[in-house]
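To start, the structure under review is shown below, and the notes come after it.
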Amino acid sequence: MVVASLERSLTQGMMATFAIASPGPMRLTLFDLDHTLLDGDSNLLWVTWLVEQGETPPERLAQQTAFYLQYQAGTLDIEAYLAFHLSLLVGPAFSHWEAVRDAFVADRIAPLIGTAARDAVARHRADGDLIAVVTATHGFLAQGIVSLLAPMPLVATGCELEGGRFTGRPIGGPCFAAAKFGQVTAWLQTLGHSLADFDAVRFYSDSANDLPLLEAVSEPVVVNADPKLASIAGERGWPQLQWRRTDSGHD
């Protein structure tokens with residue numbers, strides 16, 4: 001049964017394992033999701049969609065906005081934020097949410113992944129890098145988004161399922177700020193590796209919240225940087241890229 005197999009997968013978390021097959025130099029490339037691969041905030045867009053579709057009350061959007069302001073100020077309680085988003089999924093069956101998510105991804109997310117982001121993923125894949133998306137967005141939503149970029153590992157907080165329905169409980173801890181480094185480390189351990197095993201490790205991100213992981217890799221790359229990260233990147237000579245979409249929908 002499809003739901004049963006997905007239930008087992010999601011209950012085990014979202015740190016998917018992909019084999020490293022290249023006999024040459026090993027390279028690891030990590031991508032943040034929101035404001036990096038995606039020119040927007042997936043959680044804000046998701047809650048907006050749910051309100052528009054009548055899937056959640058309008059006051060949820062005000063709660064999301066308050067959390068986003070905390071994020072921008074660097075004061076976000078990630079545990080509370082994750083609990084808020086997982087609570088949105090409680091009730092209807094997984095199959096219902098899967099249909100809602102897939103419609104959302106096609107309508108609101110696909111237009112926000114630009115050519116530069118897609119080309120970067122394709123280039124690193126063609127070069128034989130081990131690539132993965134590392135995001136604070138919970139695994140159920142993030143998996144739908146990452147599917148637009150072809151199969152690749154996703155390092156994110158899993159969403160517990162019981163009897164084909166979300167419980168509102170996370171699997172594992174948040175994948176945010178300093179915890180991203182720990183989540184990546186844990187994922188690599190499932191492959192029998194550590195960051196030190198790679199000849200080069202690159203991480204693309206937009207946010208100063210990701211400094212712990214940016215500082216841990218050999219090749220930090222800043223994309224669509226927030227003001228704080230842009231300043232730090234300038235001081236340290238890190239590459240800075242723009243992958244934003246224009247208002248017209250073109251790159």
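The values are calculated or read from the model by the stated rules, or taken from the named source; none is laboratory data. All values reported here derive from a predicted model rather than from experimental measurement. Methodologically, a virtual Cβ is constructed for each residue, glycine included, from the backbone with ideal geometry; neighbour enumeration extends over all protein chains shown.
Quick look at the values:
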{"quantity": "Complete set of residues in the stretch 92-123 that are out of contact with any helix residue (DSSP H, G or I) (no Cβ under 9 Å at 6 or more places or on another chain) and within 15 Å of G164 (Cα to Cα)", "calculated": "H96, A99"}
{"quantity": "Residue in the stretch 8-25 that is touching a Phe, Trp or Tyr at 6+ places or on another chain (Cβ under 8 Å), modelled with pLDDT of 95 or more, of a type in the set (A, V, I, L, M, F, W, C) and buried (at least 20 other Cβ atoms within 10 Å of the Cβ) present", "calculated": "no"}
{"quantity": "Selection count where residues are more than 24 Å from Y71 (Cα to Cα) and part of a loop (DSSP other than H, G, I, E, B), scope the stretch 81-104", "calculated": "2"}
{"quantity": "Enumeration of residues in the stretch 212-237 that are out of contact with any strand residue (DSSP E or B) (no Cβ under 9 Å at 6 or more places or on another chain) and either crowded, with 16+ Cβ neighbours inside 10 Å or of a type outside the set (S, T, Y) (or both)", "calculated": "P212, E215, D226, P227, K228, E235, G237"}
{"quantity": "Helices (runs of 4 or more DSSP H) wholly inside the stretch 112-203 containing at least 1 residues that are out of contact with any Cys (no Cβ under 6 Å at 6 or more places or on another chain), on the phi < 0 side of the Ramachandran plot and among the basic types (K, R)", "calculated": "115-126, 178-190"}
{"quantity": "Subset of the stretch 216-232 (residues that are of a type in the set (A, V, I, L, M) and either out of contact with any Phe, Trp or Tyr (no Cβ under 7 Å at 6 or more places or on another chain) or in a loop (DSSP other than H, G, I, E, B) (or both))", "calculated": "V217, A225, L229, A230, I232"}
